[in-house]
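Right, one structure below, let's go through it.
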Amino acid sequence: MIPAEMCLEAIHYDFRQLDDMLIAFSQIHHIRSYIQTFEKEITAISENAPLSVWVDQLANKTLHFILKVKERITSNPPATCMPPCGLQKAARTFSCSRCAQEDCTFPVACPLEMLKVEELGKSIIPCEGLFEFPEFLKVIWKYARNLKMTDLGYFTDIFAGEDLFIMIEPTRMSHIGTYVCEVIDEDDDIILRRFTYLDVIRNEKYADNNLEEDFHRALESRTPDQVEEEKENETSSSRVKIDFRSPIFYVFYAFISCLILTLVFGYLWRYSISVDW
């Protein structure tokens, strides 16, 4: 029987060739399948074989396994970490020497960026990183009005979807503030958080036009006291106002005319009777 200590010592010695290699985390399941196959091949070596034969077979199988692992690692290298921010899972590696998973050392949140746009212009706020995004993702947009900061406690959600940019047209002074997008992958991990402060430069021509319009509106506007006074005047005037085009007025006019004629003819009749012809 081959001592277990001798077997482990031989394997550890040959596996030192992999100590300095970084395995792309996406290739871990392939390496795991190689290890499972390697274990089965080792256990298949006859325990009754001479020591020299057993050692040669172990060395051959170990060499074959290491060559397969190296080929897999070199043909599928991890992605390069792209600064300055983001959880870049394509660049995640597994270190054989430390037997640990390693990520890029960048934070998920990006530094605050500035975007200046003239009033009434078009604003495009991006939500992209320098690294490749996964196929399936969700984007949540947040906004802090009139604030320039990265403290999420001051932000409110705008909308969620798959849009990697938002466009504002026309851009107005009321749009000033910080916009932030959060990119979430299929594992519900936030892989990027990007802040953009939108600064709107006032359009003087537009501001002058607005000022003139406000001035005219102010001239035409009335205070509540003025409105109430006008209502009272309208009410009082409506009490004494006569519409001479009304049918009622024509009837009244006819009545007065008849009355005057009757009085005139009556007077003339009495006068004619009293005179001695």
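The values are calculated or read from the model by the stated rules, or taken from the named source; none is laboratory data. Bear in mind the structure is a predicted one, so any value in this text is a computation, not a measurement. For neighbour counting, all protein chains shown are included, and Cβ atoms are generated from backbone atoms with ideal geometry for every residue, glycine included. Keep in mind that these areas ignore ligands, DNA and RNA; they rest on the heavy atoms of the full protein, side chains included. Shrake-Rupley method; radii C 1.70, N 1.55, O 1.52, S 1.80 Å.
Summary table below
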{"read-out": "Selection within the stretch 24-76 - of a type in the set (A, V, I, L, M), over 21 Å from Cys99 (Cα atoms) and free of Cβ contacts under 8 Å to residues at least 12 places away in the same chain", "value": "Ala44, Ala49, Val53"}
{"read-out": "Wholly within the stretch 21-136, strands (runs of 3 or more DSSP E) carrying at least 1 residues that are open to solvent by 70 Å² or more (accessible area, probe 1.4 Å)", "value": "22-24, 100-102, 113-118, 123-126"}
{"read-out": "Condition check for Ala44: within 20 Å of Leu18 (Cβ to Cβ), modelled with pLDDT under 90 and aliphatic (A, V, I, L, M)", "value": "no"}
{"read-out": "Selection from the stretch 158-176 of residues that are open to solvent by 60 Å² or more (accessible area, probe 1.4 Å) and over 28 Å from Ala90 (Cβ atoms)", "value": "Ile158, Met167, Glu169, Arg172"}
{"read-out": "Residue within the stretch 116-124 that is among the hydroxyl-bearing types (Ser, Thr, Tyr) and at pLDDT 95 or above present", "value": "yes"}
{"read-out": "Selected residue (criterion: modelled with the highest pLDDT) from residues of the stretch 187-208 that are out of contact with any helix residue (DSSP H, G or I) (no Cβ under 9 Å at 6 or more places or on another chain), open to solvent by 70 Å² or more (accessible area, probe 1.4 Å) and not β-branched (Val, Ile, Thr)", "value": "Asp188"}
